[in-house]
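The structure's right below; bear with me while I get my questions together.
What follows draws every value from the coordinates through simple rules; no lab data is involved. A quick note: this is a predicted structure, and the numbers were derived from the prediction, not measured. Ideal geometry is used to build each Cβ from the backbone, glycine not excepted, and the neighbour counts take in all protein chains shown.
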Amino acid sequence: MTLDLLLKNATLPDGQTGVDIACTDGLITAVERNITADAKQVIDAAGQLVSPPFIDPHLHMDATLSLGTPRMNVSGTLLEGIALWGELKPVQSVDDIMARALRYCDLAVSMGIGAIRSHVDICDDALTGVTALLEVRKQVAPYLDLQLVAFPQDGVFRDPTAQKNLIRALDMGVDVVGGIPHFERTMAEGAASVTYLCELAAERGLRVDMHCDESDDPHSRHVETLAYETTRLGMQGRVAGSHLTSMHSMDNYYVSKLIPLMAEAELRVIPNPLINIMLQARHDSYPKRRGQTRVPELKAAGLTIGFGSDCMMDPWYSLGKADMLDVAHMGLHVGQLSSRADMAWCFEAVTTNSAKIMGLEGYGLAKGCKANMVLLHAKDPIEAIRLRATRLVVIRAGAVISRTPPAIAALGLAGRPAQIDPAN
Ligand code: FE2
């Protein structure tokens with residue numbers, strides 16, 4: 001039998017070297033040494049790292065690439081970003097959002113991203129973003145898995161039509177129930193919104209992914225209610241808390257009670273390091289808090305943690321390049337995850353952990369998995385993060401969908417090598 005694709009001499013994220021990967025009919029049919037079968041296409045990995053695709057568990061694709069429209073965020077705060085987004089929403093069309101989202105998906109593919117969970121704002125009676133991203137989800141399906149979260153940006157209770165619009169969005173085919181309890185008018189309303197949204201998801205058999213406690217206020221404790229409702233409704237493993245930045249500022253005694261409750265609920269945790277190191281602690285003098293949730297402690301308690309990108313060139317964040325290694329790099333630094341094991345874990349936080357959070361089927365580099373993978377210009381996951389390594393080849397369903405040449409500089413230095421390869 002002739003294979004569709006044979007990838008030779010790969011290093012896998014777990015450290016195995018000299019591995020060949022055979023692909024046929026969109027699936028991986030063998031992962032072993034010295035595969036000799038004929039193949040329509042053979043790629044020599046030359047001992048470099050081959051990974052399953054990067055997975056972004058948290059993005060706002062309806063806002064991405066809108067930077068400067070209609071103006072810039074001057075204070076740099078989350079709340080000015082929300083206000084700015086409120087100015088942009090009424091003037092953007094379905095076509096505007098689709099054009100920006102499709103360009104973002106092109107970038108994401110070139111950076112080896114295979115799946116994205118995107119929040120889509122439903123606080124808009126026209127549901128412009130929902131209409132646009134449902135169409136984008138359909139168009140990109142051959143090369144990118146897009147999961148959509150119905151996100152009530154202005155508060156499911158605080159916004160007068162959000163409850164109705166959220167249900168409309170779910171009926172239209174949005175996949176996951178979102179929320180933003182810390183933006184409701186009171187702590188009590190925030191907690192009630194968590195209960196309402198979890199019950200809605202449970203009734204419909206959907207997952208939950210809530211913006212939760214994205215605040216420097218140590219008394220923002222909606223994650224406690226999220227864990228409670230998850231356990232009460234039997235939704236363990238199907239509920240994610242995104243951001244959770246207030247945990248950074250909570251006192252240690254309270255956290256010593258909270259984390260076991262989160263573990264009991266098998267709550268998924270999605271920090272967004274690039275954005276929260278930029279947005280948090282804007283009201284602090286010195287010392288300034290970092291504002292990232294307690295990643296090492298949550299990891300030690302066995303919670304599944306996936307780093308998300310959150311934003312790229314939008315009202316909240318002016319930078320970004322759809323690079324999940326950039327996200328892992330920032331998460332590693334802010335969380336001081338500097339041991340070899342912890343650095344390697346940061347690679348899992350943008351691959352396998354995030355795939356688990358999204359519930360992706362057939363993800364991985366094993367026989368029977370989908371033939372989706374990335375060849376990186378790096379020898380191992382730590383080097384990939386260190387270099388934010390070039391994605392040399394991106395493969396989807398056993399076919400090459402993107403190639404980028406290695407970043408090797410030609411030098412003009414007397415007595416020195418003619419070129420320098422950052423990975424060697
Ligand atoms: Fe977000």
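With viscosity set to 0.890 mPa s at 25 °C, what whole-number translational diffusion coefficient in µm²/s follows for the chain from Stokes-Einstein and a Kirkwood radius over Cα pairs?
In µm²/s, the coefficient rounds to 111.
Hey, in the GNM for the chain with a 10 angstrom Cα cutoff, which one of Ser110, Ser309, Ser242 fluctuates hardest?
Most flexible of the set in this elastic network: Ser110.
Cut-off 10 angstrom, C-alpha nodes, Gaussian network model of the chain. Which of Ala265, Ala389, Ala366 fluctuates the most?
Greatest mean-square fluctuation among the candidates belongs to Ala366.
With +1 on the Cβ of every Lys and Arg and -1 on the Cβ of every Asp and Glu, and nothing else charged, how large is the dipole of the stretch 296-359 about its Cα centre, in debye rounded to the nearest 20?
Dipole magnitude for the stretch 296-359 comes out near 160 debye.
Of Pro273, Pro381, Ala115, whose Cα points farthest to the positive end of the dipole of the chain (charges on the beta-carbon: +1 Lys, Arg; -1 Asp, Glu; origin at the Cα centre)?
Checking the options against the dipole of the chain, the answer is Pro381.
If you place +1 on the Cβ of every Lys and Arg, -1 on the Cβ of every Asp and Glu, and leave all else neutral, what size is the dipole of the chain about its Cα centre, to the nearest 20 Debye?
Using Cβ point charges on Lys, Arg, Asp and Glu, the chain gives about 860 debye.
Neighbour counts of other C-beta atoms within 10 Å: give me Glu199, Glu229, Glu361, Glu383 arranged from fewest to most.
Lowest to highest Cβ neighbour count: Glu361, Glu199, Glu383, Glu229.
Pairwise over distinct Cα atoms, reciprocal of the mean inverse distance: report the Kirkwood radius of the stretch 334-381 in Å, one decimal place.
Evaluated on the stretch 334-381, it is 12.3 Å.
Still on this structure, I have one more. Can you sort Tyr104, Tyr254 so the residue with the fewest Cβ neighbours within 10 Å comes first?
Final ranking by Cβ density, sparse to dense: Tyr254, Tyr104.
Have a look at Thr352, Thr36, Thr131 and tell me which one the Gaussian network model of the chain (Cα, springs below 10 Å) gives the largest fluctuation.
Per the Cα network of the chain with a 10 Å cutoff, Thr36 tops the list.
While we're looking at this one, here's another question. When the chain is fully extended, how far beyond the present Cα-Cα distance does Arg340 get from Arg103, taking 0.36 nm per residue of separation?
In short, 81.8 nm is gained.
Still on this structure, please answer the following. Counting only other residues whose beta carbon sits under 11 Å from that of Thr17, what net charge do I get with K and R as +1, D and E as -1?
Neighbour charge sum, excluding Thr17 itself: 0.
Computed over the Cα atoms, what is the radius of gyration of the stretch 213-370 divided by 2.2 N^0.38 Å, N being its residue count?
Computed over Cα atoms of the stretch 213-370, the ratio equals 1.04.
Quick one: if you stick a label point 7 Å off each Cα along the C-beta vector at Ala188 and Ala366, how many nm between them?
5.0
OK, next. Treating the angle as unsigned and between 0 and 90°, give the value, to the nearest 10°, between the Cα long axis of helix 340-349 and the longest Cα principal axis of the chain.
It works out to around 70 degrees.
On a 0 to 90 degree scale, rounded to 10, what angle separates helix 252-264 from the longest Cα axis of the chain?
The two axes meet at around 70 degrees.
Say each of Glu199 and Val42 gets a label point 7 Å from the Cα, pointing the same way as Cα to Cβ; how far apart are those two points in nm?
With each label point 7 Å from Cα toward Cβ, the separation is 6.3 nm.
Label Val91 and Met72 with points 7 Å out from Cα along Cα→Cβ: what is the distance between them in nm?
Reported label-point gap for Val91 and Met72 is 1.7 nm.
Nearest 10 degrees, 0 to 90: what angle lies between the long axis of helix 222-232 and the longest principal axis of the chain (Cα atoms)?
For helix 222-232, the angle is close to 80 degrees.
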